[in-house]
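The values are calculated or read from the model by the stated rules, or taken from the named source; none is laboratory data. Because the structure is predicted, anything quoted here is derived from the model rather than measured. In this analysis, Cβ positions are derived from the backbone assuming ideal geometry, glycine residues included, and neighbour counts consider all displayed protein chains. Heads up: the accessible areas ignore ligands, DNA and RNA and are worked out on the full protein's heavy atoms, side chains in. Shrake-Rupley method; radii C 1.70, N 1.55, O 1.52, S 1.80 Å.
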Amino acid sequence: MTTVRVFLLDDHAVVRAGLRAVLEADPGLEVVGEAGTVAAAVEGITRTRPDVAVLDGRLPDGSGIDVCRRVHLLSPGTRTLVLTSYDDDEALLAAALAGASGYLLKEIGTTDLVGSVRAVHAGASLLDPAVVEAVRRRVEDPLAADPRLAGLTPQERRVLKLLSEGWTNRRIGAELHLAEKTVKNYVSNVLAKLQLSSRTQAALFTTAHGRG
């Protein structure tokens with residue numbers, strides 16, 4: 001059986017020791033190096049050329065995603081797994097764009113971690129393209145992440161955008177070619193669907209979701 005050579009990056013020595021113990025309990029895995037900072041990881045991975053690098057998501061001097069980007073230039077044969085405590089849409093998307101083969105939470109079981117390292121070494125990607133695309137849409141359109149917006153029609157979304165910018169019903173009507181009374185009905189429907197009681201709350205809602 002071919003031995004899979006693994007490099008570990010985590011800023012906590014105890015975590016690194018735990019990961020090493022879990023991985024080396026499998027006779028087919030060998031930890032060939034470890035580091036606690038981005039700089040040390042880049043140097044270590046470039047020197048040891050591991051098959052798989054398991055990278056902590058957040059570090060004092062950067063992130064595992066920073067390392068991931070550089071590794072794919074300096075050691076193109078190394079596959080990368082980002083292992084983090086944070087379930088973060090933007091980080092997951094950044095990991096995918098940086099070329100990571102997987103984005104795993106540290107609560108993963110030991111058997112699953114070993115299996116993930118083996119799968120990545122074999123050429124598999126643990127990043128579901130459909131999940132990455134859904135995350136991309138949420139990051140680019142923060143409003144899409146709120147379930148209350150699922151019931152809004154495209155026209156109601158347009159009304160929400162304009163009323164949150166302080167537009168009067170008359171001005172919205174002129175912009176969207178609607179009667180003022182029709183706009184009033186749209187506004188009432190939007191507020192009801194979003195469980196809001198005023199135009200001010202609608203403005204705060206869109207601001208909180210990145211559209212202010």
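Computed quantities for the displayed model
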quantity	calculated
Those residues of segment 99-112 which are surrounded by fewer than 20 Cβ atoms within 10 Å (Cβ to Cβ) and closer than 24 Å to R47 by Cβ, in sequence order	G99
Every residue from segment 31-60 that is closer than 22 Å to A91 by Cβ and open to solvent by 70 Å² or more (accessible area, probe 1.4 Å)	E34, R58, P60
Within segment 9-25, tally of residues that are open to solvent by less than 60 Å² (accessible area, probe 1.4 Å) and of a type in the set (D, E, K, R)	3
Subset of segment 30-62 [modelled with pLDDT under 90, within 16 Å of L104 (Cα to Cα) and small (G, A, S)]	G57
All positions within segment 112-129 that are modelled with pLDDT of 90 or more and either aliphatic (A, V, I, L, M) or on the phi < 0 side of the Ramachandran plot (or both)	D112, L113, V114, G115, S116, V117, R118, A119, V120, H121, A122, A124
Residue list for segment 89-114, restricted to those being more than 11 Å from the chain's Cα centre (by Cα), in a helix (DSSP H, G or I) and over 23 Å from T48 (Cβ atoms)	T110, T111, D112
Options R5, R69; residue that is modelled with pLDDT of 95 or more and open to solvent by 30 Å² or more (accessible area, probe 1.4 Å)	R5
Qualifying residue in segment 80-88 (condition: more than 18 Å from D10 (Cα to Cα), polar (S, T, N, Q), open to solvent by 30 Å² or more (accessible area, probe 1.4 Å) and assigned to a loop (DSSP other than H, G, I, E, B))	no
G28 under 19 Å from Y103 (Cα atoms) and open to solvent by less than 40 Å² (accessible area, probe 1.4 Å)	no
